[in-house]
Amino acid sequence: MPIILAIFLGLVQGLAEFLPVSSSGHLILVQHVFNMPDDMMFFNIMLHVATLIAVLFVFHKKIFQLVRHPIENFKTNVSLIIATAITVGFVLIFNDWIESTFAARVLPITFIITAIVLFSISFIKKQGGEINYQSAAATGLAQGLAVIPGFSRSGFTISAAMASGVQKEKAAEFAFLMSIPIIVAALVWELIRHPISINSIGWLPLSIAFITALVSGIFAIKFMMDIIKRIKLYWFSLYLIVIAIIALFVV
């Protein structure tokens, strides 16, 4: 794999994982454009490890607080458990159907659906509350739906929390925190299902892509946490419409 392509893929994963634009959809689109080989699973897994480390880095103080003081943070911890359990349950039930039904050809549709969700949620008025068990359940279901390529995990979970009345910044923080257990679960699941192979990639491109995804992931999280205070999410829907049109001619 050329170094420049490794850097580009790392940027795609790092930025798109945390901005509400669907990292899985973008990776599939890029891999189609560059006609990349099929044995990319380990490469994709390592990029997800990089973005997992990015979350741990940015939210290390909050994570330490949740772990060190579980009683004081009981509601948040239980909410994370509820969201994760619902996501895992949804994926276990529907994953085979999703994999057999939703291929690259549906990306234009799923990108547009994500754009509609982001546009609609921008006009929700009832916000300002804390995460509760009901909003945790809604975000868990939204995270499960985001297994479908083109559906944004961060976009869907933030939108679900906001639709449940949660304040935007708190919705974003919870969405990123709940990504930790589900990314870990997905990594373990994919490692069990697929053999490790980097024959068509090489260690140097893999390492460069990993570092790029890590650094850009940290940037994307901080950018998202800052910008969500000041702008409406519908601005991302405009970008998604453009990507949907591109996908229509690529896949």
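The values are calculated or read from the model by the stated rules, or taken from the named source; none is laboratory data. Everything quoted here is computed from the prediction, not taken from an experiment. No Cβ is skipped: glycine too gets one built from the backbone with ideal geometry, and neighbour counts run over all protein chains shown. All accessible areas refer to the heavy atoms of the entire protein, side chains included, with ligands and DNA or RNA removed. Shrake-Rupley method; radii C 1.70, N 1.55, O 1.52, S 1.80 Å.
Looking across region 7-43, the residues that are open to solvent by 30 Å² or more (accessible area, probe 1.4 Å) and in a helix (DSSP H, G or I) come down to ILE7, PHE8, LEU11, LEU15, SER24, ILE28, GLN31, HIS32, VAL33, MET41.
For region 99-199, which helices (runs of 4 or more DSSP H) that fit wholly inside it have 2 or more residues that are at pLDDT below 85 and open to solvent by less than 50 Å² (accessible area, probe 1.4 Å)?
Numbers: elements: 107-121, 133-145, 153-163, 168-177, 179-193.
Ranges flagged: 179-193.
Of the residues making up region 207-251, those that are part of a loop (DSSP other than H, G, I, E, B) and in contact with a helix residue (DSSP H, G or I) (Cβ under 9 Å, 6 or more places away or on another chain) number 5.
Residues that are at pLDDT 90 or above and buried (at least 16 other Cβ atoms within 10 Å of the Cβ) were ranked within region 226-240; the one that is nearest to PHE111 (Cα to Cα) is LEU240.
For beta carbons closer than 7 Å, sequence separation of 6+ or different chains, a first residue in region 55-74 that is in contact (Cβ under 8 Å) with a residue 12 or more places away in the chain and a second that is open to solvent by 100 Å² or more (accessible area, probe 1.4 Å), the qualifying pairs are VAL58/LYS222.
Surrounded by 15 or more Cβ atoms within 10 Å (Cβ to Cβ), over 20 Å from ASN44 (Cβ atoms), modelled with pLDDT of 90 or more and not basic (Lys, Arg), is that true of ALA213? Give the derivation first.
Numbers: surrounded by 15 or more Cβ atoms within 10 Å (Cβ to Cβ): yes; over 20 Å from ASN44 (Cβ atoms): no; modelled with pLDDT of 90 or more: yes; not basic (Lys, Arg): yes.
So ALA213 does not fit the description; no.
With in a helix (DSSP H, G or I), farther than 28 Å from ALA172 by Cβ and open to solvent by 20 Å² or more (accessible area, probe 1.4 Å) as the only criterion, which of ILE4, ILE86, ILE93, ILE53 stands out?
Only one candidate qualifies: ILE4.
No other residue among GLU17, GLU72 is acidic (Asp, Glu) and closer than 26 Å to LEU240 by Cα apart from GLU17. Consider PRO70 carefully, then state whether it is in a loop (DSSP other than H, G, I, E, B) and buried (at least 21 other Cβ atoms within 10 Å of the Cβ). Criteria not met by PRO70.
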